[in-house]
Every structure is written in C-alpha cells, then in structure tokens.
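All of the numbers you see were taken from the coordinates with simple rules; none came from a lab. Everything numeric in this text was worked out from a predicted model, so none of it was measured. In this analysis, Cβ positions are derived from the backbone assuming ideal geometry, glycine residues included, and neighbour counts consider all displayed protein chains.
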Amino acid sequence: MTNAPDHSFSLLTPDTMLNALESIGLRCDGRLLALNSYENRVYQVGIEDDKPLVAKFYRPARWSDAAILEEHAFVQELVEREIPVVPASTIAGTTLHHFDGFRFSVFAKHGGRAPELENRDTLEWLGRFLGRIHAVGATKDFQHRPSLNIDTFGIEPRDFLLANNFIPSDIDAAYRGVVQQALDGVRHCFDRAGDVKQLRLHGDCHAGNVLWTDEGPHFVDFDDSRMGPAVQDLWMLLSGEREDRVRQMGDVLAGYEDFCEFDARELHLIEALRTLRLIHYSAWLARRWDDIAFKQAFPWFNTQIYWQNRILELREQIALMEEPPLWQN
C-alpha cells in the first residue's frame, strides 16, 4: 500500500483519459466503453486505424508504483513461459504511465466467455494452467506486495470496521463477538495446516477473471496478486454441496499436479480463507464508501439487514471451519 494522498476519481473525466492516452502516443478516436471494474477505472478505448485497447486507471493511493510494476513483471514472467495471461503493454519503455495525478496502463483487448465450471474437463484444464502459474510464482517472492494472512485479511479489516463505526450500535456487541470467534477459527485452521508455503498468486481467481475461448482459458486482472498459500487460487472454483466440492477439487488437482506439487495440508485452509475473504470484503466496501460508484453499485451495503446477514454468515463459517477438510468424507 502507499500513503500518497488520495486523488479522486471524480477528476478522471473522459477528456483526461483521452489526453492521458494521447500523451503516450496513442491516437484515440474518442470512443470509450466502461468495463466492469470498481476498484479501478477500466475502459475499452477506440484507436484510430487499429484495434481497440483496454486502459486501466489505477485507484489512487492503493498501490505504490513499485507494487504495480512488480505485478506487471510477474505477469510478464508468465507470458515468457507461454502461459495464457494478459500483460500490460510496454510503451515508451514502461508499462506504468503517469498523467495529471493519475497512473494508468494499457492492455491488448482479449475477449472470451465464462468457463463452464460444471465441466470436469474444464476444471482439469484450469488446474493445469494454475499449476504452471504457481510453479513460476514459487520461484521468488514479491518484495512490494502484501501477503494474504489473518492480519491483512482479518484483523486489520475487522479493526477498520469497528474503529470507523460501521456496525450499527444495537448489534455491535454481537458482531464483535462473532468476528472474534471467526478469527479464532481461522487461527485453528492455520494451526492444523502447519507451516504451508507462501508463493506469488493470482490472488482473486474467480470465474470472472478467467476468459474462455475455443483455445482454452486465459487469466486476467492480476491486480490483487500477492503472496499466499496455493489453495487461495483454487477454492473459488468450487461450488455446491460438499460431495460436489470434493469432486471438483479432485478434477482441479488432477491437472494442477501435472506441473506443481500440491500440499494437501492446505485443504485445511479453504473455509478459513473464505472467512477472511468475507471479513475483508466488508471492509473493502467500507473503505470505498465515499466513492459514488460504490454507493450506486452496492446500495444494500451498510444497512441494518446487511450487518445482520454478515453475523449469520460468520456463524455459518465458524461451523464449517470445524468440519474435516475436503478429502475426508
């Protein structure tokens, strides 16, 4: 993270975006199409006499320049090993550009559809590429990007929510109690797993960040890339009842272990990582609540019923973290 002062997205006008892109030599034709992104601002941009490009304007004050460039370098490592990812384009000798207080990068446009995660062959195919990504990710550590752990995804987000009075007063005590129980459960899961390896991850490997074509998958949006356990990039591909998830994990690992060894102890972490993601997600929304785009997209956030549902959700997670890992039936 960076301590640079915030620079509001409200100042990122269409003219500013077009001027930014033209400042690095791109001849825009004026067409801008907003793509689905809340953390950053991402647009498909028309280019004169050429294919459209994708421009990402980074949320101010979130990452340092070094952290963004480290993400770009990781993705480029994957490209050099012919792993299907979408790298930032190098223009004028760099992948990260600055204009009028904003930082931005440009990417080639890649289309695709959502993967069919109910298809066993699809899961195995995804597993093979995730194994290849992790084999590269394990070769060295990030120096400027954080790790996914109980402090960064659990304690710190919990403390932010409580310190900034997001929880309604009449259920504050209930939330404090259940979130503490949930974090205790996370610790017990990590204790059961033992000393698992940390490596460079995609970090947010849900189906929306995998685009599928007739040639197979390609992975996009490494913006949340960080150090963490390998299973973080696997569990979000699972859904359904326990029996379904056991089968799905088997399919993913059938492909994964062709390229990278998987430590089965990490299966103890699946529900713990899900719990951390839930706590972190609420704090993520809270931190962005002064962004008008968030108020429009998430009108149900910070209501009484929202926090009541989070309490119920965490209670469910506490019970799930006490269950045996997926390989046991």
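Results for (1) surrounded by fewer than 20 Cβ atoms within 10 Å (Cβ to Cβ); (2) without any contact (Cβ under 8 Å) to a residue 40 or more places away in the chain; (3) in contact with a helix residue (DSSP H, G or I) (Cβ under 6 Å, 6 or more places away or on another chain), shown as yes or no for each residue.
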residue	(1), (2), (3)
Arg176	yes, yes, no
Gln181	yes, no, yes
Leu199	no, no, yes
Thr213	yes, no, no
His218	yes, no, no
Arg226	no, no, no
Pro229	no, no, yes
**Asked** What are the residues in the range 91-132 that are surrounded by 13 or more Cβ atoms within 10 Å (Cβ to Cβ), polar (S, T, N, Q) and out of contact with any His (no Cβ under 6 Å at 6 or more places or on another chain), if any?
**Response** Thr94, Ser105, Thr122
**Request:** Using the structure shown, decide if Ala66 is in contact (Cβ under 8 Å) with a residue 24 or more places away in the chain and touching a strand residue (DSSP E or B) at 6+ places or on another chain (Cβ under 7 Å).
**Result:** no
**Asked** Out of all the residues in the range 73-87, which are surrounded by 13 or more Cβ atoms within 10 Å (Cβ to Cβ) and touching a residue at least 24 places away in the same chain (Cβ under 8 Å)?
**Response** Phe74, Val75, Glu77, Leu78, Ile83, Pro84, Val85, Val86
**Request:** Quick one: in the range 49-64, of everything that is out of contact with any Phe, Trp or Tyr (no Cβ under 7 Å at 6 or more places or on another chain) and among the small types (Gly, Ala, Ser), which residue is nearest to Leu18 (Cα to Cα)?
**Result:** Ala61
**Request:** Could you list, in sequence order, all residues of the range 60-106 that are outside any strand (DSSP E or B) and farther than 26 Å from Ala138 by Cα?
**Result:** Pro60, Ala61, Ala92, Gly93, Asp100, Gly101
**Asked** Restricting the search to the range 270-312, which residues are surrounded by fewer than 16 Cβ atoms within 10 Å (Cβ to Cβ), more than 18 Å from Phe160 (Cβ to Cβ) and of a type outside the set (S, T, N, Q)?
**Response** Ile292, Ala293, Lys295, Ala297, Pro299, Trp300, Ile305, Leu312
**Request:** Select from the range 17-71 the residues that are among the small types (Gly, Ala, Ser) and within 27 Å of His144 (Cα to Cα) and write down the one among them that is nearest to the chain's Cα centre (by Cα).
**Result:** Ser37
**Request:** Among residues belonging to the range 9-63 that are within 23 Å of Phe222 (Cα to Cα) and of a type in the set (Gly, Ala, Ser), point out the one that is surrounded by the fewest Cβ atoms within 10 Å (Cβ to Cβ).
**Result:** Ala34
